[in-house]
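Have a look at the structure below, then the notes.
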Amino acid sequence: MRKVAIAGIGMTKVDKHWKRSLRELFGEAGAAALSQTGFPTVDALIVGNMCASDLSDQNNIGALLADYLGFMPNTAYRVEAACASGGAAFLAAYTAVASGMYDVVMTGGVEKLTDGVGGNTTLSLGKAADAEYELFYGSSFVSLNAMIMRHYMNHYNVPRDAFADFSVLMHKNGARNPLAQLPFEIKRETVLESDMISDPITLFDCAPVGDGAAALILCPLEDAKKYSDNFVEVAGISGATDTINIASREGLLSFKSTIVAADRAYKMAHISPADVDVAEIHDTFTITGVLSLEDLGFCERGKFHKMIANGAFETGGVVTVNPSGGLKSRGHPVGATGAYQIAELFLQLTGRAGKMQVPDASIGVAQNIGGSGSSTYVTVLRRV
Amino acid sequence: MSVPRYWREIPRRSRLETVRCSECGTVAYPPRGRCGKCGSNKFENYKLPEKGELVTFTIVRNPPKGFEKMPPYVVGIVKLEDGTIITSQITDVEPEDVKIGMKVEAVFRKVVEDGDSGIIQYAIKFRPLIK
Ligand SMILES: [Zn+2]
């Protein structure tokens, strides 16, 4: 296996892009990423996306996006793994380069959620769960996570209010991100007084619905210097899966897929959680963010509220978490989220993250969850 | 929902019938094609118990498409007496009175109507145990 580098990235702002289509969004990110490198074209395009079939009436988006970007690679296809589509696409692209099959691969993700009408967007996102044994009973993506949150609160005797502090921190970070969908600070009350969606989850426990695209160029590490001024090493990477139906899990107080994927990725990179300078974690809901902190080894179980209050997840603490604002504030363009996380870490490790910069960051971890924990992809990046 | 798709799930949804592994006895709900415990692909029919305990729940206020007329309603995860854990609705109780740990029992109820001319979908839900 060859060592693999990221040699260029591109991201659009996450937003409700009423004027722009699926292909235009990925076109902007893809062209920007490729232009940062000296590569004239790519050997493969592997793109993450969840909802194009439902909301844009479009399949075969690998061909569509390659065509729009003006190249005809050996292979171009979509990877769908619900919210983890971007992370899963990245793993496929990594594998293609590491194996020696391809030298230059464009990966990333794109999501165009605002083309859904009526309740179609919520319905499409819900399809991450088991249609016959979860959705049939009127549960949605939010309600499944609400059950996990209530279970957590009951088990650890953590008050509902404590989760609001996680949202407050994400918005404090996201306010410094020029590409964030919700770049403003909020108060605890904003979360607690917002609309109840599915008890105990309120609107401000949730990531917003938005559009966006992020693209990444992968190549062998030994070639990266020749083709790019800024590159980072993919030092560790793994996916892990669990049952699709949350009721079938061994337990609901953690996501086993995150624990297993993180363990494998850390081992591959020869690091421990204490070595991580900056992490982009998957916080679809506040409870998802909290479980991720625990499952990645950054936080003692059931103690997140005390650690947030002590500044453990800000610069100078245990690890800087989601300087981008995370899914909550940067936004969650579902199939693109995993690609945004890795692109943001690329900026951090090459010292170009602007107001979000974590001083002297050298190890970054991205964690991208699909469904309500049915799969997780963890990627470790290292400054070169 | 197509009629065949609804019809073929009736044993699970209306009668709590599932399968267990013929080799190691592990119960699979929903049914699987291969036993996650021992790897066998031989299964036999198995009837789940009708009583259990509520593990967790939520009150749905912002429903998915098709359930617009139903809120507020309670979706819960129930641990049955044999240890099998299943997702369904909690019914015949005010949402505010639902508690984690409460004893529940299976009851046959309507879930949703498919518009004005589609099928009316029914399934097992769980209500507070009546002694
Ligand atoms: Zn077995």
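Could you tell me the calculated FRET efficiency between A:H270 and A:T315, based on Cβ-Cβ distance and R0 = 25 angstrom, to the nearest 0.05?
Plugging the Cβ-Cβ distance into 1/(1 + (r/R0)^6) gives 0.55.
Starting with the highest mean, order B:62-72, A:225-235 by the number of other Cβ atoms within 10 Å, averaged over the residues of each peptide.
A:225-235, B:62-72
At 1.4 Å probe size, with no ligands or nucleic acids counted, give the accessible surface of B:C24 in Å², nearest ten.
We get 60 Å² for B:C24.
Of B:L80, B:P128, B:T91, which is farthest on the positive side of the dipole of chain B, counting Cα position, with +1 on Lys and Arg Cβ, -1 on Asp and Glu Cβ, and the Cα centre as origin?
Result: B:L80.
Taking the Cβ of A:E222 as the center, what net charge do the other residues with Cβ under 10 Å away carry, scoring Lys and Arg +1 and Asp and Glu -1?
Charge balance near A:E222 sits at +3.
Considering the options A:A146, A:T95, A:M196, tell which one lies farthest towards the positive end of the dipole of chain A, charges being +1 on Lys and Arg and -1 on Asp and Glu at the Cβ, about the Cα centre.
The residue sitting farthest along the positive end of the dipole is A:T95.
Ratio of alpha-carbon Rg to the 2.2 N^0.38 Å globular estimate for segment A:35-84, to two decimals, please.
For segment A:35-84, the normalised Cα radius of gyration is 1.23.
For chain A, modelled as a GNM with alpha-carbon contacts under 10 angstrom, which of A:G119, A:G316, A:G326 fluctuates the most?
A:G119
If you take each beta carbon of peptide B:50-60 and count the beta carbons of other chains within 10 angstrom, what is the mean?
Values: counts 0, 0, 0, 0, 0, 6, 13, 6, 16, 7, 10.
Neighbouring Cβ atoms belonging to other protein chains average 5 per residue here.
Among A:L221, B:P4, A:L327, flag the residue with its Cα farthest along the positive direction of the charge dipole of the protein assembly as shown, charges on Cβ as +1 for Lys/Arg and -1 for Asp/Glu.
Looking along the dipole axis, the top candidate is B:P4.
Can you list the lysines whose alpha carbon is less than 23 Å from that of A:K225, not counting same-chain residues fewer than 8 positions off?
Partners within reach: A:K3.
Could you compute the net charge surrounding A:A162? Neighbours are other residues with a C-beta less than 12 Å from the C-beta of A:A162; K and R count +1, D and E count -1.
Neighbourhood net charge equals +1.
Per-residue Cβ counts within 10 Å, from other chains only, averaged over B:77-84: what number is that? Working shown, then result.
On the way: counts 12, 1, 1, 0, 0, 0, 0, 2.
Shielding by partners across B:77-84 averages 2.
Would you list which lysines come within 17 Å of A:K256, measuring only between C-alpha atoms, while excluding same-chain residues fewer than 8 positions from it?
Filter leaves A:K267, B:K37.
Taking the Cα centre of segment A:281-351 as origin, sum charge times position over the Cβ atoms of Lys and Arg (+1) and Asp and Glu (-1), and report the length of that vector in debye to the nearest 20. Write down the numbers at each step before the final one.
Working: 5 positive and 6 negative charges, 25 e Å.
So the magnitude is around 120 debye.
At 20 °C and 1.002 mPa s, grab the translational diffusion coefficient of segment A:167-284 from Stokes-Einstein with a Kirkwood Rh over Cα pairs, rounded to a whole number in µm² per second.
Numbers: Rh = 18.1 Å.
The diffusion coefficient I find is 118 µm²/s.
If we count every other residue with Cβ under 15 angstrom of A:L22's Cβ, Lys/Arg +1 and Asp/Glu -1, where does the sum land?
-4
Please identify, among A:I363, A:I197, A:I237, the residue showing maximal mean-square fluctuation in a Gaussian network model of chain A using a 10 angstrom Cα cutoff.
A:I197
How many lysine pairs are close in segment B:49-131, with Cα atoms under 15 Å apart and the two 8 or more places apart or on different chains?
Lysine pairs satisfying the spacing and distance rule in segment B:49-131 number 11.
What whole number of Å gives the distance from the Cα centroid of segment A:262-320 to the Cα centroid of segment A:126-151?
25 Å
Just need the relative contact order of segment B:49-131 here, percent rounded to a whole number, with Cα pairs under 8 Å and 6+ apart.
30 percent
Would you mind computing, in nm to one decimal, how far apart the modelled labels at A:N154 and A:L192 are, each placed 7 Å from Cα along Cα→Cβ?
Going by the 7 Å Cα→Cβ label model, 2.3 nm.
For chain A, set up a Gaussian network in which alpha carbons nearer than 10 Å are linked by springs, and say which option among A:D277, A:D211, A:D195 fluctuates the most.
A:D195
Restricted to Cα positions, what overall size does the protein assembly as shown have along the principal axes? Three whole-Å values, descending.
Extents along the principal axes: 75, 49, 48 Å.
When the scattering of segment B:1-66 is computed by the Debye formula from its Cα atoms alone, each counted once and equally, what is log10 I(q)/I(0) at q = 0.18, 0.23 Å⁻¹?
Results for segment B:1-66 at q = 0.18, 0.23 Å⁻¹ read -0.86, -1.01.
Nearest 20 debye, what's the magnitude of the dipole of segment A:67-191 about its Cα centre given +1 on Lys and Arg Cβ and -1 on Asp and Glu Cβ?
Working: 9 positive and 12 negative charges, 80 e Å.
Once rounded to the nearest 20, the dipole reads 380 debye.
What's the carbon and sulfur percent of chain A's accessible surface, probe 1.4 angstrom, rounded to a whole number?
C and S fraction of accessible area: 51 percent.
Counting DSSP beta bridges with both partners in chain A, what percentage is antiparallel, nearest 5?
DSSP beta bridges in chain A are roughly 70 percent antiparallel.
Could I have the simple spin-label model distance between B:E68 and B:R109, label points 7 Å from Cα toward Cβ, reported in nm to one decimal?
2.3 nm
Counting only the heavy atoms of the protein chains, how much of B:E53 is accessible to a 1.4 Å probe, in Å² to the nearest 10?
Accessible area, nearest 10 Å²: 80 Å².
Using only C-alpha atoms and all pairs of different ones, pull out the Kirkwood radius for segment B:49-131 in Å with one decimal.
Values: mean 1/r = 0.0756 Å⁻¹.
Answer for segment B:49-131: a Kirkwood hydrodynamic radius of 13.2 Å.
Counting Lys and Arg as +1 and Asp and Glu as -1, each charge on the Cβ, what is the dipole of the protein assembly as shown about the Cα centre in debye, to the nearest 20?
620 debye
Counting heavy atoms of the protein chains only and a 1.4 Å probe, report the per residue accessible area for segment A:28-140 as a whole number of Å².
Counting only protein heavy atoms, the per-residue value for segment A:28-140 is 34 Å².
Please compute, for peptide A:249-258, the average count of beta-carbon atoms on other protein chains lying within 10 Å of each residue's beta-carbon.
Mean shielding count: 1.
The values are calculated or read from the model by the stated rules, or taken from the named source; none is laboratory data. Just so it is clear, the model here is predicted, and its values are computed rather than measured. Quick reminder, even Gly has a Cβ in these numbers, built from the backbone with ideal geometry, and neighbours come from all protein chains shown. Side chains are part of the model used for accessible areas, which takes the heavy atoms of the whole protein and leaves out ligands, DNA and RNA. Shrake-Rupley method; radii C 1.70, N 1.55, O 1.52, S 1.80 Å.
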